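Enquirer: Below are the structure tokens for one structure; questions will follow.
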Amino acid sequence: MYKLTVKLKQHTPLIHFQHEQEGATLRATELKPKLDKFLIKKLGIEKLKSLFIGNGDKPALDYKIRITPQSNVDFFDIEKVKTDRNNRPSFDKRGNPRKVQFPAFFANMGSDGDEKKFSYCEKLDLIISSFNKELTDEIKKHISEFFAFHNFGTRQSKGFGSFYPTKNNEEGIYIEPKKFFTFHFFREANERDFYRKQYVLFEAIDLFYRSLRSGINLKNRDRTMFYSKSLLFLYAKYKGWQWEKKTIKQKFFSGELASQNMEHDNPDILDYDSNNKYLLKDLLGLSSDELWLSYRTSITKEHPHIDRYKSPLLFKPIDLGSGKFDVFFYAFPVSREILNETFKIRNKKGGNFDIKTPSEFDIDKFLDFLFLDMGKPITEFKGESGFYLEDHIDEEFHNHRNFKILYKIFDSINENLLEDE
């Protein structure tokens, strides 16, 4: 029997359904199928065909794993109760406690017993055993790459459930994460409290993701507090594609669209016209039901076979210690299953129309458009196809906290590209 022990560090909390179970942390039942699939893709069926066990549709490789916590497993409420200046809980008109929404997390639903919690265990041992030395050697060689591109639990693509081998493993296990990624940014989170530290980290990830996909429109009643149009819109305009938000407004809210064009100085997200009208932002993660609060309605997107589509963007936060995270991100190819597909857009107040996704979308070219110019970093975020963040976001919002966070993120990405050349 050959054994391989991989010392892991947990960098971000798991979102756990079964937090009531003692020691609930990273689970072998989730990890092994993912590792099997990774190894089969990496090494090929032919090389591994003698190492499968069992029957069925999902092949399993002939090794066992055991996960042993080496530090305390702690649990945290995800949604904290809001408090006033005197640390007293805040309640709504119905007497329910007001909750602080954690970034990049959908609110808990159902009864208290169904609520998810954060699970965190700083140090774990992953013990892999097999009768095949070649297999354990291959796992040892590729285990860092596996953890680089896999998180665990719920909302894993947004960076929750990030684990990675530590530097104090035996030789041949640890590989620097940046060996696997082109893009990454640093995020300072100088908070002593674990919850606050993670909040600051995921606030940045959430803002960055929304700036890429849908844009950000933060309002306080009728006043816009912060606005950043989607960076995917810029790419769509570069490609000669009309942004879906304008298409929806043309179909359902044409009167409001005309007045909005007159009110705003540079409304290119509303003004730009093209005959190539596509459903675009859902290529970065399908949102089948959207609230359009300004219009007191909701917009739904229906497809006979597609009701969910996970974002192809993966965030991999690594805790560097001393209140600093290195946030790597990677784009998996957009699945052919969602390209050139027709969706029905419905307005809750009445009316519908059909719109297609484009027949091709290279997400790597989208990221290169934003961050690279002819294969080189775009200094100060502008090249033949790049942009200035200061121009992209109106000056009236430059003092807002969100702008400062985004500016640091893009500045960090740019600096890292230059340093990593």
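Only the coordinates and a few stated rules stand behind these numbers; no lab work does. Computed from a predicted model, the values in this text were never measured in an experiment. All Cβ positions, even for glycine, are placed from backbone atoms using ideal geometry, and neighbour counts span all protein chains on display.
Enquirer: Given the options K140, K158, K281, state which has the largest fluctuation in a GNM of the chain using a 10 Å cut-off (strictly under) for Cα springs.
Expert: Evaluated over the chain, the most mobile residue of the options is K140.
Enquirer: Pairing the Cα long axis of helix 401-419 with the longest principal axis of the chain, what angle in degrees results, from 0 to 90 and rounded to the nearest 10?
Expert: The answer is roughly 50 degrees.
Enquirer: For a footprinting-style exposure proxy, rank M1, M225 by other Cβ within 10 Å, fewest first. If you can, show how the numbers build up before the last one.
Expert: Numbers: M1 9, M225 14.
Least to most surrounded, the residues fall as M1, M225.
Enquirer: As a check on your grasp of the helix formula, calculate [θ] at 222 nm for the chain: sum -39500 (n - 2.57) over DSSP H runs of n ≥ 4, divide by the residue count, round to the nearest 500. Don't skip to the answer; put the middle values down first.
Expert: Numbers: 11 runs with 119 residues, N = 421.
Taking each H run of at least 4 residues, the total per residue is -8500 deg cm²/dmol.
Enquirer: Please compute the contact order of the chain in relative form: average sequence separation of alpha-carbon pairs under 8 Å and at least six residues apart, divided by the residue count, as a percent.
Expert: On the way: 704 pairs, mean separation 67.9, N = 421.
Rounded, it is 16 percent for the chain.
Enquirer: With the chain treated as a Gaussian network of Cα nodes joined by springs under 10 Å, which of V327, V73, V100 yields the largest mean-square fluctuation?
Expert: V100
Enquirer: Note down, for the range 186-419, the three equivalent ellipsoid semi-axes (square root of 5 times each alpha carbon gyration tensor eigenvalue), biggest first, whole angstrom. Can you show the working numbers first?
Expert: Numbers: eigenvalues 178, 86, 74 Å².
Its equivalent ellipsoid spans semi-axes of 30, 21, 19 Å.
Enquirer: What distance in nm separates the simple spin-label points at K133 and D273, each placed 7 Å from Cα in the Cβ direction?
Expert: Inter-label distance under the simple model: 7.3 nm.
Enquirer: When the Kirkwood radius is taken over all Cα pairs of the range 108-250, what Stokes-Einstein diffusion coefficient follows at 10 °C and 1.306 mPa s, in µm²/s? Write down the numbers at each step before the final one.
Expert: Working: Rh = 19.5 Å.
Roughly 81 µm²/s, to the nearest whole number.
Enquirer: Taking R0 as 35 Å, what FRET efficiency do you get between D411 and R66 from their Cβ-Cβ distance, rounded to the nearest 0.05? Before the final figure, lay out each step's value.
Expert: Numbers: r = 43 Å, r/R0 = 1.23.
For D411 and R66, the calculated efficiency is 0.20.
Enquirer: Between N86 and R296, what is the FRET efficiency for a Förster distance of 25 Å, r being their Cβ-Cβ separation, to the nearest 0.05?
Expert: 0.10
Enquirer: Also, I was wondering about something else. Expressed in nm to one decimal, what extension gain is obtained for the pair K3 and D289 from 0.36 nm per residue of sequence separation less their Cα-Cα distance? Don't skip to the answer; put the middle values down first.
Expert: Working: separation 286, 0.36 × 286 = 102.96 nm, distance 4.83 nm.
Using 0.36 nm per residue and subtracting the Cα-Cα distance, I get 98.1 nm.
Enquirer: Oh, and also: Ranking D394, D74 by Cβ neighbours within 10 Å, fewest first, what do you get? Mind dumping the intermediate values first?
Expert: Numbers: D394 17, D74 14.
So the residues, fewest neighbours to most, are D74, D394.
Enquirer: Then there's this: In nm, give the distance between the simple-model label positions of K141 and T224, each being 7 Å from the Cα along the Cα-to-Cβ direction.
Expert: 5.5
Enquirer: Moving on. Could you tell me what percent of the DSSP beta bridges with both partners in the chain are antiparallel, to the nearest 5? Provide the component values of the computation, followed by the final result.
Expert: Numbers: 64 of 66 bridges.
Just about 95 percent of them are antiparallel.
Enquirer: If you place +1 on the Cβ of every Lys and Arg and -1 on the Cβ of every Asp and Glu, how big does the dipole about the Cα centre of the chain come out, in debye to the nearest 20? Each step should come with its number before you reach the end.
Expert: On the way: 69 positive and 64 negative charges, 254 e Å.
That gives the chain a dipole magnitude of about 1220 debye.
Enquirer: Further, regarding this structure: If all Cα-Cα distances of the chain are sorted into 20 Å bins from 0 onward, what percent lands in each bin, rounded to whole numbers?
Expert: Once binned at 20 Å, the Cα pair distances of the chain give 22, 54, 23, 1.
Enquirer: Mind telling me which of N87, N132, N168 comes out most flexible in a GNM of the chain, alpha-carbon contacts under 10 Å?
Expert: N87
Enquirer: Continuing with this model, one more query. Output the 0 to 90 degree angle, nearest 10, between the alpha-carbon long axis of helix 28-43 and the longest principal axis computed from the alpha carbons of the chain.
Expert: 90
Enquirer: What spacing in nm lies between the two simple spin-label points modelled at K349 and E170, each 7 Å away from Cα in the Cβ direction?
Expert: In this crude label model, K349 to E170 measures out at 6.7 nm.
Enquirer: Taking amide H positions as placed in the peptide plane 1.01 Å from N, state which residues far from S162 in sequence (5 or more) or on other chains have amide H under 5 Å from it.
Expert: Answer set, sorted by chain and number: H11, T12, F152.
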